[in-house]
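A.B. asks: Quick one: structure below, then a few questions.
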Amino acid sequence: MIRENWSKAQVACLDDEDHALQLVSHALKQFDLRTFSCSQSFLDGVGQQTECILLDIHMPASKHSGYEVCRLLRQNPATTHTPIIMVSGNHQLDQRLEAYSAGADDFISKPFDLQELQAKVERAVLHRAHHVDLECQADEARQTAFEAMTHSAEQGEITRFIEQAGASTSPKQLFDLLIGTLKNFGLNSVVAGWQNKKHLFVSHLASAKPLETELLKSCRGGRRIIELDRRMIINYDQVSLLVKNSPWQEAARYGRIKDHLCVLMSAINERLIALKTEQRLQHQTLLLQAVGDLRDTLEKIQQERETRFDEAQLKVADLELELKEEVLLLNLDHDQEEHLIQLVRQHVQQLDSCYRRSSECQQELQPILEGLEQVVQATQT
């Protein structure tokens with residue numbers, strides 16, 4: 001990692017000796033250096049923007065020692081990870097160990113070499129920048145993971161909706177399912193179905209407001225997606241949706257929600273078309289069954305009529321025979337007998353003619369029946 005503009009790197013130095021602060025100021029003139037001689041003002045002056053800290057260990061004129069200040073800095077969330085370089089005229093190992101124990105990152109002895117001081121501060125600033133980069137990457141990774149989990153959960157909701165939508169048997173059941181799914185997304189909405197002249201409106205509340213229904217009607221047939229800040233309208237042929245609280249100020253979530261809504265609306269639109277097709281097929285099946293039942297009934301009537309006609313023919317033959325036997329007992333002459341028998345025959349023939357005309361009426365129903373069957377078969381193709 002290379003940093004060219006050191007003047008923007010803020011460095012803070014605490015030392016109770018003026019000549020030491022002057023020396024540091026000369027050595028680190030390329031930095032945005034801020035010097036302090038009082039520990040309290042130093043603690044008040046440093047913060048998250050400080051990229052490196054120089055602390056003198058022994059400060060008799062100050063309220064706190066360098067170790068105490070170091071510990072306080074590490075307890076402050078703003079400076080927990082800020083690089084700290086301890087400065088001391090004591091070269092003993094125990095001082096170095098105590099400095100590390102207090103939370104220091106590096107140690108430099110007085111009198112220090114200016115180039116060494118510059119190198120240590122530059123390395124500390126670069127380390128700080130690297131640490132900030134890693135934190136940003138970690139935040140981005142956490143955000144990406146969170147969005148992935150959120151997206152996965154939303155995809156699960158969509159999958160469940162599509163599965164349950166396939167089992168829905170009415171538009172009302174389908175719209176209630178959509179409203180429930182959108183509630184899981186945190187969205188309040190109103191759904192409008194355009195399947196017939198009597199439009200169906202379903203709201204996340206008890207009922208849709210008149211203004212909402214009018215808005216959906218007026219926007220029907222417009223653009224696929226109409227965005228009105230927090231409100232969004234999505235139009236399909238069979239259904240429209242009004243979302244009343246879309247996350248329009250959250251760009252990533254807003255774009256994802258729009259994609260999800262289009263998937264849900266496409267699925268519900270296709271299911272509504274399928275429901276109409278299923279309903280039409282049910283009607284066709286019932287009609288075809290009714291036509292079949294009618295044909296069976298007519299055939300049974302025809303068979304029954306033919307049976308009754310044969311029985312009537314036998315009865316007529318028996319009647320003629322019995323009539324002839326009875327006529328003999330009346331002592332009628334031949335002409336009278338023939339007249340009487342002929343009269344009976346005429347009436348029987350008239351009855352037969354009436355029967356045959358009724359049979360012809362049934363035959364006239366056959367073309368109508370065949371026409372109904374052709375209509376039903378044509379609607380099934």
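The values are calculated or read from the model by the stated rules, or taken from the named source; none is laboratory data. Everything numeric in this text was worked out from a predicted model, so none of it was measured. Reconstructed Cβ throughout: ideal geometry from the backbone, glycine too, with neighbour counts over all protein chains shown. Quick note on the areas: whole protein, heavy atoms, side chains included, nothing else; ligands and nucleic acids left out. Shrake-Rupley method; radii C 1.70, N 1.55, O 1.52, S 1.80 Å.
A.B. asks: Using a 1.4 Å probe over the heavy atoms of the protein chains, calculate the carbon and sulfur portion of the accessible area of the range 161-237 as a whole percent.
C.D. replies: Of the solvent-accessible surface of the range 161-237, carbon and sulfur hold 50 percent.
A.B. asks: How are the alpha carbon pair distances in the range 1-136 distributed across 5 Å bins from zero to the largest one, expressed in percent?
C.D. replies: Computed distribution, short to long bins: 2, 11, 23, 26, 22, 12, 4, 1, 0.
A.B. asks: How do LEU134, LEU351 stack up against each other in accessible area, from largest to smallest, with a 1.4 angstrom probe?
C.D. replies: My answer, sorted largest first, is LEU351, LEU134.
A.B. asks: Restricting to Cα pairs below 8 Å that are 6+ residues apart, what does the relative contact order work out to for the range 209-315? Please round to a whole percent. Intermediate values should be presented prior to the final figure.
C.D. replies: Numbers: 70 pairs, mean separation 16.0, N = 107.
Relative contact order for the range 209-315 comes out at 15 percent.
A.B. asks: Which value in nm describes the separation of the simple spin-label points at ALA317 and LYS197, placed 7 Å from the Cα toward the beta carbon?
C.D. replies: Label at ALA317, label at LYS197, 6.3 nm between them.
A.B. asks: Starting from the Cα-Cα distance between HIS347 and GLN49, subtract it from 0.36 nm times their residue separation and give me the gain in nm to one decimal.
C.D. replies: 94.9 nm
A.B. asks: Grab the Cα-Cα distance for LEU340 and ILE226, subtract it from 0.36 nm times how many residues apart they are, and report the gain in nm with one decimal.
C.D. replies: This chain segment gains 31.6 nm when fully extended.
A.B. asks: Which distance in Å, rounded to a whole number, links the C-alpha centroids of the range 33-96 and the range 246-288?
C.D. replies: Cα centroid to Cα centroid, the span is 65 Å.
A.B. asks: Tell me the carbon and sulfur percent of the accessible area for the range 3-84, rounded to whole percent, probe radius 1.4 Å.
C.D. replies: About 48 percent, which is the carbon plus sulfur part of the accessible surface.
A.B. asks: What ranking do 272-281, 116-125 get when scored by the average of other Cβ atoms within 10 Å per residue, highest first?
C.D. replies: Final packing ranking: 116-125, 272-281.
A.B. asks: Apply the Karplus parameterisation 6.51 cos²θ - 1.76 cosθ + 1.60, with θ equal to phi minus 60°, to every residue of the range 253-261 and state each ³J(HN,Hα) to the nearest whole Hz, in sequence, with x for glycine and proline.
C.D. replies: 5, 4, x, 5, 5, 4, 4, 4, 5
A.B. asks: Hey, another quick one. Let's test the formula: R0 of 45 Å, r as the Cβ-Cβ distance of GLU270 and THR297. What FRET efficiency results, to the nearest 0.05?
C.D. replies: Using R0 = 45 Å, I get an efficiency of 0.65.
A.B. asks: Under the Kirkwood approximation applied to all pairs of distinct alpha-carbon atoms, what is the hydrodynamic radius of the range 176-320 in Å? Could the numbers behind the result be given before it?
C.D. replies: Numbers: mean 1/r = 0.0521 Å⁻¹.
Final number for the Kirkwood radius of the range 176-320 is 19.2 Å.
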